[in-house]
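The values are calculated or read from the model by the stated rules, or taken from the named source; none is laboratory data. Please read these numbers as outputs of a predicted model, since none were measured by experiment. Every residue, glycine as well, gets a Cβ built from its backbone with ideal geometry; the counts of neighbours run over all protein chains shown. Protein only, heavy atoms only, side chains kept; ligands, DNA and RNA dropped before computing areas. Shrake-Rupley method; radii C 1.70, N 1.55, O 1.52, S 1.80 Å.
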Amino acid sequence: MGYNFIEFKNVSFRYGENMPWVLENVSFQIKSDEWIAIIGHNGSGKSTIAKLMNGLLSPQKGTILIDGMEVNEDTIWEIRKKIGMVFQNPDNQFVGTTVQDDVAFGMENRGVPRQEMLKRLEDSLSAVGMQDYELREPHRLSGGQKQRVAIAGVLAISPQAIILDEATAMLDPNGRKEIMDTIRSVKKKHPLSLITITHDLNEVTLVDRVIVMNKGKVWLEASPRQVFSRKKELLEIGLDIPFIAKLAGHLSQQGMPLKNEPLSHEELLEELWTYHSKM
Amino acid sequence: MDISFKNVSYTYQLNTPFEHKAIEDMSFNIPSGSFVAIVGHTGSGKSTLIQHLNGLLQPTAGEVAIGSYRLTAEKKLKDLKELRSKVGIVFQYPEHQLFEETVAKDIAFGPLNFGVEQQEIEKRTAEALKAVQLPEGMLERSPFELSGGQMRRVAIAGVLAVQPEVLILDEPTAGLDPRGQKDMMEMFKRLHKQEGLTTILVTHSMEDALVYADHVMIMDHGRKYMEGSPQEVFVKKEELKRVDLDVPEIIQFIFKVREMFPTDLNYHGQTIPELAEELGRITRGDIHE
């Protein structure tokens, strides 16, 4: 079991003094080895949470602790070594003219020694399956490849947490799959906290725990299965449930007894088979 | 307006060492009033294709016909501006193109450029705002104070205010939350009917193509790979897999049911509740539909 790596205590934030609160009295904890999804309607405060986590923004009220340290001007540089971020637009986060320059950028900024840098460069590019692209120009890669390079750049600074802020939103289905596969394999090898901010419901089914935001407040914290069992309420706050959960809902309405709340094709097929065998 | 492509190719930086064929020998017809989805991976040529529809690009070979307008490699179209007033393109993330001080001015920008009279512009602005379901009180606000979804609607209103006959949508729901996505697609469905538009939707979402389009075209490496009704195209699992596309989730699931149960269940446009009823019958042993 991990320890509390990220902690929000009664955090409130707004962009200006006369502006409405974007986050209101938000509290939650994320463990050092946990995979969390933050979901919510547009404007619910998801991305603001991400920016508060690594000190791009600072709250007017409450405290944010990262690895036990309060986020403030003195700790911000230390904290940014611990948390890496991957943003939505693959074209907006490149600085290097080649893939290797780009991945090295973060390490150079942190004064990583050359020998160590070469090793990490190789390791992080192979972790995302881009080891053969070292000398390629980033802008010639596909969207999914660009995001994988961005993840490699983050991995190279060996963070303890990675935040993916709608990192798959602009990708095609192939690109999305590439990123999800990459994340799963990274997660297996490195015990880190992973925070996925997303509208993609099938991505949400993969995580350990979901934080559902609504109008700047934490609306629910629960497992994907528990979250998606609240269909009606989710629809009311601008969200939806995955196809399988919908179909399962209609099946149980018709009186088919389903033991669990199935979320994957295989889980639902198994339930159908069990029901069939008893007939 | 009827749209047709005859052996159209487009090569970027033609006759240079950087030559790149983006679309190759494409031929198809889109009858006026259709709702067509164009599906394909990044780099399959979708964006290049739609830029031909209002003359942002001119084919390097072949002929594009949009109503009575013709685009070929040889001739420059004289009434390009007229064509552009009839074909509206909503680009990806159109809210990034907002720039005016107020919502009203931003919506008016298109019609103003096409020489529409002031009085008519005001009428159209009000109508366009209503069409995208934004309240009238919003007209005097700065577009930059609005939420992402509202900003996108303002940008779309600006395209509608030109009163196009053909509406082209490039990934119109990207980045929106699930309800925002659904509301946006329902809005286009309604506009398509009400205004008698020809609508072309470029999308990665097989589910949207399945629900909203009456015709689907799959592109791969700059060529037309397949076309037909969604029900014809989306059951061709193997063919789609060959170009790295998945069939929509409801059809995927039906295939898996067929592997498990001896049934002739197939996709015929059923809704989720209807599918649930069919599954109920199959699992209870009434195998044949």
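Tell me which residues, restricted to segment A:33-58, are open to solvent by 40 Å² or more (accessible area, probe 1.4 Å) and either away from every other protein chain (no Cβ under 14 Å) or of a type outside the set (S, T, N, Q) (or both).
Answer for segment A:33-58, where residues must be open to solvent by 40 Å² or more (accessible area, probe 1.4 Å) and either away from every other protein chain (no Cβ under 14 Å) or of a type outside the set (S, T, N, Q) (or both): A:33, A:43, A:51, A:56, A:58.
Give segment A:184-197 a look and list any residue that's open to solvent by less than 10 Å² (accessible area, probe 1.4 Å) and in contact with a Ser or Thr (Cβ under 8 Å, 6 or more places away or on another chain), or say none.
Residues satisfying the conditions are A:192, A:193, A:197.
Which of the residues belonging to segment B:13-51 are within 14 Å of another protein chain (Cβ to nearest Cβ), assigned to a strand (DSSP E or B) and open to solvent by 70 Å² or more (accessible area, probe 1.4 Å)?
B:20 - this is the single residue of segment B:13-51 that is within 14 Å of another protein chain (Cβ to nearest Cβ), assigned to a strand (DSSP E or B) and open to solvent by 70 Å² or more (accessible area, probe 1.4 Å).
Do we have any residue at all in segment A:264-274 that's part of a loop (DSSP other than H, G, I, E, B) and within 12 Å of chain B (Cβ to nearest Cβ)?
yes
Considering only segment A:92-116, state which residues are assigned to a helix (DSSP H, G or I) and either free of Cβ contacts under 8 Å to residues at least 24 places away in the same chain or closer than 30 Å to residue B:96 by Cβ (or both). Break it down into steps so the answer makes sense when it comes.
Let us first name the residues in segment A:92-116 that are assigned to a helix (DSSP H, G or I), namely A:92, A:99-109, A:114-116.
A:92, A:99, A:101, A:102, A:103, A:105, A:106, A:108, A:109, A:114, A:115, A:116, listed by residue number.
Taking residue B:144 as meeting all but one of (1) open to solvent by 30 Å² or more (accessible area, probe 1.4 Å); (2) within 23 Å of the chain's Cα centre (by Cα); (3) within 14 Å of another protein chain (Cβ to nearest Cβ), write down the number of the exception.
All conditions pass for residue B:144, except number (2).
Check every one of the helices (runs of 4 or more DSSP H) wholly within segment B:204-289 and list those with 2 or more residues that are open to solvent by less than 30 Å² (accessible area, probe 1.4 Å) and at the interface with chain A (Cβ under 9 Å from one of its Cβ atoms). Full working, then the answer.
Numbers: elements: B:206-212, B:230-233, B:237-242, B:249-260, B:272-283.
The qualifying helices (runs of 4 or more DSSP H) are B:249-260, B:272-283.
Among the residues of segment A:151-180, which ones are open to solvent by 40 Å² or more (accessible area, probe 1.4 Å) and either touching a residue at least 40 places away in the same chain (Cβ under 8 Å) or within 14 Å of another protein chain (Cβ to nearest Cβ) (or both)?
So in segment A:151-180, the residues open to solvent by 40 Å² or more (accessible area, probe 1.4 Å) come out as A:158, A:160, A:170, A:173-174, A:176-178.
Selection gives A:160, A:170, A:173, A:174, A:176, A:177, A:178.
Output the helices (runs of 4 or more DSSP H) that fall wholly within segment A:181-243 and possess 3 or more residues being within 12 Å of chain B (Cβ to nearest Cβ) and out of contact with any Gly (no Cβ under 7 Å at 6 or more places or on another chain), or say none.
Details: elements: A:201-204, A:224-228, A:231-236.
Per the criteria, A:201-204, A:231-236.
Under 29 Å from residue B:218 (Cα atoms), in contact with a strand residue (DSSP E or B) (Cβ under 9 Å, 6 or more places away or on another chain), buried (at least 18 other Cβ atoms within 10 Å of the Cβ) and within 14 Å of chain A (Cβ to nearest Cβ), is that true of residue B:173? Full working, then the answer.
On the way: under 29 Å from residue B:218 (Cα atoms): yes; in contact with a strand residue (DSSP E or B) (Cβ under 9 Å, 6 or more places away or on another chain): yes; buried (at least 18 other Cβ atoms within 10 Å of the Cβ): yes; within 14 Å of chain A (Cβ to nearest Cβ): yes.
When the stated conditions are applied, residue B:173 passes them.
Picking from B:161, B:157, B:213, B:128, which residue would you name as being touching a residue at least 60 places away in the same chain (Cβ under 8 Å) and among the aliphatic types (A, V, I, L, M)? Walk me through how you get there before you give the answer.
Details: B:161 fails: touching a residue at least 60 places away in the same chain (Cβ under 8 Å); B:157 fails: touching a residue at least 60 places away in the same chain (Cβ under 8 Å); B:128 fails: touching a residue at least 60 places away in the same chain (Cβ under 8 Å).
From the options B:161, B:157, B:213, B:128, the qualifying one is B:213.
Show me the strands (runs of 3 or more DSSP E) found entirely inside segment A:11-67 where at least 3 residues are under 21 Å from the mean Cα position of the chain (by Cα) and among the β-branched types (Val, Ile, Thr). Outline the logic, then answer.
Details: elements: A:23-31, A:35-40, A:61-66.
Because the criterion is at least 3 residues that are under 21 Å from the mean Cα position of the chain (by Cα) and among the β-branched types (Val, Ile, Thr), the strands (runs of 3 or more DSSP E) in segment A:11-67 that meet it are A:35-40.
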